[in-house]
Amino acid sequence: MDIFGQLGINTTAGFQFVLFAIALIFLSKFVFAPYAHALEERQARTKGGEDLALEYQNKSVELQSEYEAKLRDLNGQIKTIVDASKSQANKEYEVLVERARSEAEKHVQTNRTKISSAVTAAAAELKTQTTAVAMTITNKLLK
């Protein structure tokens, strides 16, 4: 015991060690164990949450790819419908333009025939009036 005395360790150190052991056992049972249990439970719930989040993320990726595929199909259908409508509209446009051209051609022909008949009538009238005008001019000059 001389060694303990020379080191400054006496019976109070033994009491302190016993009190420390009792405090450690008490804290282990009533503080550290429930805390460790709560920590493990939280990690287990978090781990489940992580798995659930990963599952939802994978499902989200699947749904997005499915959405994109459906969107591509729908865009293809829309393009087909639009192209068909454009071709039908172009056909109708061509029919209407052709009809308008033929009507315009008929009007032009009708007006040409009217104009040519009016020109021939005017020429004939001028021929008949030419002699009368020449006679009138000659009479006025000679008087």
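Considering each of Thr131, Thr80, Thr120 in turn, give the residue that is part of a helix (DSSP H, G or I) and surrounded by fewer than 10 Cβ atoms within 10 Å (Cβ to Cβ).
On the way: Thr80 fails: surrounded by fewer than 10 Cβ atoms within 10 Å (Cβ to Cβ); Thr120 fails: surrounded by fewer than 10 Cβ atoms within 10 Å (Cβ to Cβ).
Unique residue meeting the criteria: Thr131.
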Residues satisfying the stated conditions in the stretch 1-56, i.e. more than 52 Å from the chain's Cα centre (by Cα), surrounded by 10 or more Cβ atoms within 10 Å (Cβ to Cβ) and among the charged types (D, E, K, R):
Lys29
State yes or no: is Ile137 modelled with pLDDT of 95 or more and surrounded by 10 or more Cβ atoms within 10 Å (Cβ to Cβ)?
no
Only residues in the stretch 7-21 that are free of Cβ contacts under 8 Å to residues at least 60 places away in the same chain count as the first member; pair them with residues that are surrounded by 11 or more Cβ atoms within 10 Å (Cβ to Cβ) and part of a helix (DSSP H, G or I), Cβ under 9 angstrom, at least 6 apart or cross-chain, and list the lot.
Asn10/Phe4; Ala13/Phe4
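The values are calculated or read from the model by the stated rules, or taken from the named source; none is laboratory data. What you are looking at is a predicted structure, and each value in this text was computed from that prediction instead of being measured. Methodologically, a virtual Cβ is constructed for each residue, glycine included, from the backbone with ideal geometry; neighbour enumeration extends over all protein chains shown.
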